Amino acid sequence: MTSNSSLGTVEYRVEDGVAILTLTRCEADNRITQQMAEAGAAALEAARQDRSVTGCVLTGEGSVFCTGGDYRRAGGTSIGRLEFARAFNDLAQAMVRLGKPLVAAVNGNAHAGGFSLVALCDLAVVAEDATLGLPEAAHGLFPLLALALVKDCLPQKILFDMVYRARLLDATEAKSLYLVNDVVPRARVLEAAVALAASTRNYNPDIISLGRDLYYNMRCARPHEASEQSRFALAAALKALEESQPKRLYSSVSNLADDLGNYAAALCSMADETRRSHSGPQHA
């Protein structure tokens, strides 16, 4: 079954349980405007809420995946630039919150913000003639928005080498650095990405969502916090599996989110109390 809709310059369609999001601004190398970022976030939210969707693919129209953000369309005011940055960051957060496998179908060059979108996907299939990189410095900018999104997937030396020399990675090197999973001929990119996105189709979707959410929560956590979060997650998953009730699992996942929030609040409270106890009396 296939369904289609258009959200401005982002096409959204569902084929056999896989949502395919396509950047459709090929005349501008699919550079992302504020409108596109907002449309992409809305499409991802639609996929997140659709229980019939078990995986998602992000790709570009034409011969280019995406060569970054079109910040010039934001206008010449600080408010306009901040709104553009907010929209791009909202798109990134929608990718994190998706709760389902997200695969980049890199049909062509992925530079600057486009590279950061690839980095944010769980998996990536790249065309054998595509390049990936962060060339902003050569054009008078630093990859400021992209930096927050790619810093965890690149070693420091490689990251700054790419930035300072505006060096582009070919598909083979990108795979050797574990930035992409598969390198295929351009004509097979979307097909291979859809197959990857569908690989968990027969799994319990709530278990996949629970594990994926846990991964992203733990990336920002300290080691002991990550261990505690995994403890809550395991307890919720095992309880639901024993009861063999998918609806109960969905409830458990929701409760887990509350538990993690309560746990984080407790940690902050403990940290504040520790700081107060160590600071001692204050003297004028």
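Values quoted throughout were computed directly from the atomic coordinates according to the rules given, and no laboratory measurement underlies them. Since we're looking at a predicted model, the values are computed, not measured. Here the Cβ is made from the backbone with ideal geometry for all residues, glycine too, and neighbour counts use every protein chain on show.
Tabulated results
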quantity: Nonlocal amide H pairs with residue 57, under 5 Å, H built at 1.01 Å; calculated: 19, 20, 21, 103
quantity: At R0 = 41 Å, FRET efficiency that the Cβ-Cβ distance of residue 173 and residue 238 yields, to 0.05; calculated: 0.50
quantity: HN-Hα J in Hz across region 67-74 - Karplus 6.51, -1.76, 1.60, θ = phi - 60°, x for Gly and Pro; calculated: 10, x, x, 9, 5, 5, 6, 6
quantity: DSSP-assigned coil residues among trypsin sites (Lys or Arg not before Pro) in region 39-108, each with at most 16 further Cβ atoms within 10 Å; calculated: 51
quantity: Placed amide H near residue 131: partners under 5 Å, 5+ positions off or other chain; calculated: 109, 110
quantity: For 121, 66, 153, 56, order by how many other beta-carbon atoms lie within 10 Å, fewest first; calculated: 153, 121, 56, 66
quantity: Interchain or long-range residues, amide H under 5 Å from residue 10's placed H; calculated: 24
quantity: For residue 9, net neighbour charge (Lys/Arg +1, Asp/Glu -1) across residues whose Cβ lies under 15 Å away; calculated: -2
quantity: Three-way shape label, region 2-197, alpha-carbon gyration tensor, a/c 1.5; calculated: oblate
quantity: Residues of type aspartates and glutamates that residue 157 reaches as a straight line, Cα spacing below 19 Å, ignoring anything fewer than 8 places off in the same chain; calculated: 136, 170, 173
quantity: Gained length - residue 158 relative to residue 63, 0.36 nm times residue gap less alpha-carbon distance; calculated: 31.5 nm
quantity: FRET efficiency for residue 79 and residue 201, using Cβ-Cβ distance with R0 set to 41 Å, rounded to 0.05; calculated: 0.40
